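The structure under discussion appears below in the form of structure tokens.
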Amino acid sequence: MFVFKTVDSLQVHLARCRARGQRIGFVPTMGALHAGHLQLLDLSRQNNACTVCSIFVNPTQFNDAADLERYPRTPGRDLDLLEQTGVDVVFMPGVADVYPPGQQDELLPDFGSLDKVLEGEFRPGHFTGVAQVVKRLLDIVAPHQLIMGQKDYQQVAIIRHLIQQLGLPVELVMAPTVREEDGLAMSSRNVRLDPEMRQRAPVIYQTLRDFKEMLATFPPEAVEGFAMDQLSASGLRPEYFEIVDGDTLEPVTHPGSTARIVACTAVWAGDVRLIDNLIWKDDTLG
Ligand code: AMP
């Protein structure tokens, strides 16, 4: 496994891989790796001769300085896991490698409402930071395939839009959410849950599952209300529970005529903010 900290050294290596005709798969992460990340890397390894994993805690996507400060960082353990997983290349840049002083900010496409709803409403500026760093990393790595997790459904929608609008030559693959045995979506933030909140947190996934059938009998806003009530009753503080069109992320008004429906939620468990989602309907899958 090769570990690079600078853009130049990474690019020299990747140029050799390309010259050998190898396909490059890319999994960007912020480290503190868990089985969710490893699944993305496995998927990349199945499809590409060379898998690159980046570890970079991107400051521009944190709208809260304390959240950036508290974000878990476990580089030694991450490298061990990546070695065991069979990753070919790890890219661990510093802030100045990704954002060289004096370099202009990326010109990003207009995301319409995609970056303003759901997470965008509660974390202003978050997706501009995400789009900025993914665009920079794609420019640096120039992979054939980019693999991202459904856990961050809105993030995938935004990056899909970015790739389409800028005509970037990369295939985007969305990998399913990996969960703990009790259903809690794996997240680097889970380590910060105290034992009581860790015990309550699985209700997030239960709620995403429990209320799906209700959409057949109740209007979406009513179902959202029931779900919010269940989350609150469990001692968590839900920020939103929204039933949205899986393509536009707009609220669903007519479930019957919407091809893809996703329920998305963000919940505070103590001082840890968790997000999760479940695809409730997908007519585009045979
Ligand atoms: P992060 O390090 O949190 O920025 O995540 C890096 C990538 O891993 C993103 O594409 C996430 O969507 C994905 N990811 C994080 N958690 C999970 C999970 N539990 N299951 C699948 N993918 C995940």
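The values are calculated or read from the model by the stated rules, or taken from the named source; none is laboratory data. Predicted, not measured: the structure shown is a model, and the values here were computed from it. No Cβ is skipped: glycine too gets one built from the backbone with ideal geometry, and neighbour counts run over all protein chains shown. Quick note on the areas: whole protein, heavy atoms, side chains included, nothing else; ligands and nucleic acids left out. Shrake-Rupley method; radii C 1.70, N 1.55, O 1.52, S 1.80 Å.
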Need at least 1 residues that are free of Cβ contacts under 8 Å to residues at least 12 places away in the same chain per element, so show me which helices (runs of 4 or more DSSP H) inside the stretch 109-213 make the cut, counting only ones lying wholly within it.
-> 126-141, 153-166, 195-200
Could you please let me know if T248 is assigned to a loop (DSSP other than H, G, I, E, B), hydroxyl-bearing (S, T, Y) and at pLDDT 95 or above?
-> yes
Single residue of the stretch 19-33 satisfying the filter (near the ligand (Cβ under 7 Å from one of its atoms) and of a type outside the set (A, V, I, L, M)) that is farthest from I147 (Cα to Cα) | G31
Note down all Cβ pairs under 8 Å where the first residue falls in the stretch 1-12 and is closer than 14 Å to D88 by Cα, the second is open to solvent by 80 Å² or more (accessible area, probe 1.4 Å), and they're at least six residues apart or on different chains.
-> M1/E83
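Kindly indicate the residue of the stretch 47-89 that is part of a loop (DSSP other than H, G, I, E, B) and among the acidic types (D, E) and also modelled with the highest pLDDT among those meeting that condition. Even if it seems obvious, please write down each step before you answer.
As a first pass, look at the stretch 47-89 and keep what is part of a loop (DSSP other than H, G, I, E, B): 48-49, 56-58, 62-64, 71-74, 86-88.
Narrowing the set further to residues that are among the acidic types (D, E) leaves 64, 88.
Details: D64: 88, D88: 97.
Out of the qualifying residues, it is D88.
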